[in-house]
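Down below is the structure, laid out as structure tokens.
The values are calculated or read from the model by the stated rules, or taken from the named source; none is laboratory data. The model shown is predicted, which means the values in this text are computed figures rather than measured ones. Every residue, glycine among them, receives a Cβ derived from its backbone with ideal geometry; neighbour counts consider all protein chains shown.
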Amino acid sequence: MTWLSFPFENAQQALLIYILITWLLWSIVMLPPKIVRVSSLYMGARGLALPGFLFILHEEPESTVHHELTHVLQMRRYSPLGVGLYLGWHYGKGFVQQKLAGQPLDFWALWRKNPLEIEACEKMQAGVSPLHYPWSSIVGLLCHSLLLALCVFYMYG
Ligand SMILES: [Zn+2]
């Protein structure tokens, strides 16, 4: 058995691990993120939001922090997995459409059309922290916690 065949040979355990990781990431996103100032980021980005951390370039103003805090809010609202799936769909579909149209692949054109980025750019201009706890995030995380508890009970209870 290899790590690649594990999910296929142990579907129940793999599903439980998947639900547990999703629950952990969503729980981490509910905590205030640690802001880390860095000297460079990939692809010329000025900030990056990951569960638990915001990476911001040294010289960036507070508005960039608000942009990235909006992404944390989106991860709270839709879960980190939901945001990841949406980004995969948005950029995956966009790259296929660019390829089929014979255009050069243009990440930044897709970035400008991304509704999550449009919301973050709007909040960036507001000058106040967009971070809060939407009701949907609390209900979603509670439901996910219940799902995790039911899976553990079903498998080991
Ligand atoms: Zn962004």
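A few points about this structure:
- Test: Leu50 is within 13 Å of the ligand (Cβ to nearest atom), farther than 24 Å from Leu24 by Cα and not charged (D, E, K, R): no
- Sole residue being within 21 Å of Ile19 (Cα to Cα) and either in contact with a Pro (Cβ under 8 Å, 6 or more places away or on another chain) or within 16 Å of the ligand (Cβ to nearest atom) (or both), chosen from Gln74, Gln98, Gln125: Gln74
- Condition check for Leu41: in contact with a Phe, Trp or Tyr (Cβ under 8 Å, 6 or more places away or on another chain), over 30 Å from Leu148 (Cα atoms) and within 12 Å of the ligand (Cβ to nearest atom): yes
- Sole exception among (1) modelled with pLDDT under 95; (2) within 16 Å of the ligand (Cβ to nearest atom) for Gly88, by number: (1)
- Only one of the numbered conditions (1) free of Cβ contacts under 8 Å to residues at least 24 places away in the same chain; (2) in a helix (DSSP H, G or I); (3) in contact with a His (Cβ under 9 Å, 6 or more places away or on another chain) is not met by Arg76, and that is (1).
- Residue within the range 111-119 that is away from the ligand (no atom under 15 Å from the Cβ) and aliphatic (A, V, I, L, M) present: no
Matching residues to (1) over 18 Å from the mean Cα position of the chain (by Cα); (2) modelled with pLDDT of 95 or more; (3) under 17 Å from Met43 (Cβ atoms); (4) loosely packed, with under 12 Cβ neighbours inside 10 Å:
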{"position": "Leu110", "(1), (2), (3), (4)": "no, yes, yes, no"}
{"position": "Glu122", "(1), (2), (3), (4)": "yes, no, no, no"}
{"position": "Gly127", "(1), (2), (3), (4)": "yes, no, no, yes"}
{"position": "Tyr154", "(1), (2), (3), (4)": "yes, no, no, yes"}
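- None of Ile56, Ile35, Ile28 is over 26 Å from Gln125 (Cβ atoms) and at pLDDT 95 or above except Ile28.
- Output for the range 130-152, where each listed residue is surrounded by 12 or more Cβ atoms within 10 Å (Cβ to Cβ) and β-branched (Val, Ile, Thr): Ile138, Val152
- Given (1) away from the ligand (no atom under 15 Å from the Cβ); (2) within 24 Å of Arg77 (Cβ to Cβ), number of the condition Pro130 does not satisfy: (1)
- Whichever residue in the range 23-38 is of a type outside the set (A, V, I, L, M, F, W, C) and outside any helix (DSSP H, G or I) and, among such residues, is nearest to the chain's Cα centre (by Cα): Pro33
- Those residues of the range 1-33 which are more than 17 Å from Ser145 (Cα to Cα) and surrounded by 15 or more Cβ atoms within 10 Å (Cβ to Cβ), in sequence order: Pro33
- Residue pairs meeting the criteria (Cβ under 6 Å; at least 6 apart or on separate chains; first within 15 Å of Gly88 (Cα to Cα), in the range 101-112; second among the small types (Gly, Ala, Ser) and within 16 Å of the ligand (Cβ to nearest atom)): Leu110/Gly94
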